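What follows is a structure written as structure tokens; I'll ask about it next.
The values are calculated or read from the model by the stated rules, or taken from the named source; none is laboratory data. All values derive from a computational prediction rather than experimental measurement. Every residue, glycine as well, gets a Cβ built from its backbone with ideal geometry; the counts of neighbours run over all protein chains shown. Side chains are part of the model used for accessible areas, which takes the heavy atoms of the whole protein and leaves out ligands, DNA and RNA. Shrake-Rupley method; radii C 1.70, N 1.55, O 1.52, S 1.80 Å.
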Amino acid sequence: MTAHPPVSIGLPVRNGAVYLEEAVSDLLGQTAGDFELLISDNASDDQTEEICREAAADERVRYIRQPQNIGAAANYNEVFHRTSAPFFRWASHDDRCAPTHLEACLEMFKSTDPTTVLVYPQTLLIDADGDEIRIHDDQFDLQQPTARGRLVQLARIWGLCNPIMGLMRRDAAQRTRLIDTFRGSDLVMIAELAMLGPIREVREPLFLRRIHPGSALQGGTTDVPTWLDPRAKRESHLAERTSLPVLREILRSVQRGQGPAADRARTEVAVSTAWLARRARINGGRLKIWIRALGQSSHD
């Protein structure tokens, strides 16, 4: 590692011993090896600390331990604020990445528009044993020339926020709210990045997201607010079942943005319209499924 590596990787973890060693091994095996890795252990009470201290034998690794549970949001932001390289990437204790993940993202930054703020690879979903499930098409490749165009496209397609694990420019990321203490704050951060510049996708499945019983997608993080912030109250049914609170926060980000008030108002309308159209498509699809099921049951 050079004195000033170009990339910082931040890995926040709490009780992640089951998959942590494999995740760290993937990171340390990157072909672009000049980086620093900061692991912040959020008061784990399993074997996480032991694994982290062994990993810290590598000069690229720094390990810190929180004396008490500060919540996932604060821990994610902790690793960002305690690193300094011009490019930053978050890593998760239970996900994996291909050896060329960093190299491919850095090459994309070199070859693309200099205003690009985030580069992420395609996502391959894997199961608890590491077996392939399928490639997930994130569709976050936002190259529209205006912030409004990028936000509207994001509102049309948003879903799993895998690109948050891509490589981002620090100077852009520090102009966002980073990870906040509400469900979907990672998507709001992506929206705030999109307001600052294009987002690009590497068309290779180099990020391996693990779907397992303890993951959020499988209900392992059922009480998301208290996972993000131990002091939080359980969120409302509306927040649990819809993306309306996320839309509200994105619109607040637009309101706080730069430019004439009239332009910001037009952006709010355009983003809200795109979101409503998406919800209509989703609800229409659910209605069709319900009608087919009702028809099938009547025949039975």
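Of the numbered conditions (1) in contact (Cβ under 8 Å) with a residue 60 or more places away in the chain; (2) closer than 22 Å to S215 by Cβ, P5 fails exactly one; give the number of that condition.
(2)
A further question follows. Quickly run through segment 94-106 and pick out the residues that are hydrophobic (A, V, I, L, M, F, W, C) and in a strand (DSSP E or B).
C97
Take R148 and tell me if it is surrounded by fewer than 18 Cβ atoms within 10 Å (Cβ to Cβ), out of contact with any strand residue (DSSP E or B) (no Cβ under 7 Å at 6 or more places or on another chain) and among the charged types (D, E, K, R).
Judged against the criteria, R148 is not a match.
For segment 133-145, name all the residues that are more than 21 Å from L276 (Cβ to Cβ), touching a residue at least 24 places away in the same chain (Cβ under 8 Å) and open to solvent by 20 Å² or more (accessible area, probe 1.4 Å).
I133, I135, H136, D141, Q143
Let me ask you something else. Among the residues that make up segment 83-92, is at least one of them among the charged types (D, E, K, R) and open to solvent by 30 Å² or more (accessible area, probe 1.4 Å)?
Just the residues of segment 83-92 that are among the charged types (D, E, K, R), to begin with: 89.
Filter once more, keeping what is open to solvent by 30 Å² or more (accessible area, probe 1.4 Å): none.
Taking every residue of segment 83-92 in turn, none turns out to be among the charged types (D, E, K, R) and open to solvent by 30 Å² or more (accessible area, probe 1.4 Å).
Another question, then. Is it true that some residue in segment 39-46 is crowded, with 23+ Cβ neighbours inside 10 Å, in contact with a Ser or Thr (Cβ under 8 Å, 6 or more places away or on another chain) and assigned to a strand (DSSP E or B)?
So far as segment 39-46 goes, yes, one or more of its residues are crowded, with 23+ Cβ neighbours inside 10 Å, in contact with a Ser or Thr (Cβ under 8 Å, 6 or more places away or on another chain) and assigned to a strand (DSSP E or B).
All but one of (1) part of a strand (DSSP E or B); (2) closer than 30 Å to D263 by Cα hold for G149; which doesn't?
Result: G149 passes all but (1).
Considering only segment 52-93, how many residues are in a loop (DSSP other than H, G, I, E, B) and among the aliphatic types (A, V, I, L, M)?
Within segment 52-93, the first condition is being in a loop (DSSP other than H, G, I, E, B), and the residues that meet it are 56-60, 67-71, 82-86, 91-93.
Remaining after also requiring among the aliphatic types (A, V, I, L, M): 56-57, 70, 85, 91.
Selection size over segment 52-93: 5.
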